[in-house]
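Since the structure comes first, as structure tokens, the remarks are kept for the end.
The values are calculated or read from the model by the stated rules, or taken from the named source; none is laboratory data. No experiment lies behind these values; they were computed from the predicted model shown. Cβ coordinates were reconstructed from backbone atoms using ideal geometry, including for glycine residues, and neighbour counts include every protein chain displayed.
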Amino acid sequence: MVVFFSGTGNSEYCARYIAKLISDEVIDSSVYIRSKQIAQLESEKPWVFVTPTYAWQIPKVFKSFIRQSALTGNKNAYFVMTCGGSVGGAASGILQLCKEKGLHFKGVSAVVMPENLITMFKAPPKEEADRIVEKAIPVIEKTAKLISEGKCFEKQKYNFLSFVQSEMSNPLFYKAAIKPEKFHTTDKCVGCGLCEQKCVMGNITMQDSKPQWGSNCTQCMACISCCPQQAIEYGKSTKDKERYHCKAFKG
């Protein structure tokens, strides 16, 4: 079973591509996360968890989802992490998570996809984003082949830099960057409510035809990137920046 968490579509694209190649079922974790339901999942095939990389680790919300879910059947677990360049030392934390869940850790595969964290960085123009996705396809296909053959992914390098990235930078990222109160709309907002529908956390409510953000934000960029009017900003850091949403996988 392929289980994914995705805000702007990078991880969903990879998950659906892999699922097609290995002929497996796809589950969107946000269905459970939004509704605050505990997932009861069973799979005869290995578990394949596909997730973005948040400051060189898997997102806390996805880790909590896995930790709380009842996962029965196959005990092998593969992790596929979409990233802008590196997953750092994420494997160390995932290994511990697998031990907690009684899963056999089969490794981490890093798939470089277009940057989407526009609150801190710049997203690539569409043409460049398309090239990055096309370049990722052989990596996705190799990843799926290893899964179908039951082989482990190549072991990720773990050194002092990886330790600093994943164990020290990650807590700082959550403390400094996860501040939903900076989200706001401009006068271009037409009150369509799409941001409320796309929020994977169920953190947005429409009040007087305007979105209001709660405190349960994970910076997935779904709201700001899906807005058809580009009416959502994050403080001043996203002004005039390219918005990014991965093209849908058409298998």
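Points to keep in mind about this one:
Conditions tested, residue by residue: (1) more than 25 Å from Q219 (Cβ to Cβ); (2) part of a helix (DSSP H, G or I); (3) touching a Pro at 6+ places or on another chain (Cβ under 9 Å); (4) among the basic types (K, R).
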{"site": "F79", "(1), (2), (3), (4)": "no, no, no, no"}
{"site": "T82", "(1), (2), (3), (4)": "no, no, yes, no"}
{"site": "E128", "(1), (2), (3), (4)": "no, yes, yes, no"}
{"site": "L161", "(1), (2), (3), (4)": "no, yes, no, no"}
{"site": "V164", "(1), (2), (3), (4)": "no, yes, no, no"}
{"site": "M168", "(1), (2), (3), (4)": "no, yes, no, no"}
{"site": "A176", "(1), (2), (3), (4)": "no, yes, no, no"}
{"site": "K188", "(1), (2), (3), (4)": "no, no, no, yes"}
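- Meets criteria (loosely packed, with under 13 Cβ neighbours inside 10 Å, closer than 29 Å to S35 by Cα and in the same structural domain as K45 (by TED's automatic domain parsing)) for K151: no
- Hits in region 203-251 (condition: touching a helix residue (DSSP H, G or I) at 6+ places or on another chain (Cβ under 8 Å), charged (D, E, K, R) and surrounded by fewer than 13 Cβ atoms within 10 Å (Cβ to Cβ)): K247
- Looking across region 56-80, the residues that are buried (at least 18 other Cβ atoms within 10 Å of the Cβ) and closer than 18 Å to F173 by Cα come down to W56, Q57, I58, P59, V61, F62, K63.
- The condition of being surrounded by fewer than 23 Cβ atoms within 10 Å (Cβ to Cβ), out of contact with any Gly (no Cβ under 8 Å at 6 or more places or on another chain) and not in a loop (DSSP other than H, G, I, E, B) holds for only one of S86, S109, S92, that being S92.
- Scanning region 8-19 for residues that are among the hydroxyl-bearing types (S, T, Y) and assigned to a helix (DSSP H, G or I) yields S11, Y13, Y17.
- Among residues of region 20-42 being assigned to a helix (DSSP H, G or I) and touching a Gly at 6+ places or on another chain (Cβ under 8 Å), the one that is surrounded by the most Cβ atoms within 10 Å (Cβ to Cβ) is I33.
- Candidates in region 105-155 are the residues that are in contact with a strand residue (DSSP E or B) (Cβ under 9 Å, 6 or more places away or on another chain) and among the aromatic types (F, W, Y); of these, the one that is farthest from S23 (Cα to Cα) is F105.
- Only listed residue being modelled with pLDDT under 95 and not assigned by TED's automatic domain parsing to the domain that holds C217, chosen from K36, K75: K36
- Within region 209-237, considering residues that are out of contact with any Lys or Arg (no Cβ under 9 Å at 6 or more places or on another chain) and among the hydroxyl-bearing types (S, T, Y), the one nearest to L194 (Cα to Cα): S209
- Residue match in region 203-217 (condition: at pLDDT below 95 and in the same structural domain as Y54 (by TED's automatic domain parsing)): no
- Here K250 does not qualify as free of Cβ contacts under 8 Å to residues at least 40 places away in the same chain, in contact with a strand residue (DSSP E or B) (Cβ under 7 Å, 6 or more places away or on another chain), outside any strand (DSSP E or B) and over 12 Å from N116 (Cα atoms).
- Residue match in region 64-84 (condition: within 17 Å of the chain's Cα centre (by Cα) and on the phi > 0 side of the Ramachandran plot): no
- Residue in region 188-197 that is modelled with pLDDT of 95 or more and under 30 Å from S86 (Cα atoms) present: yes
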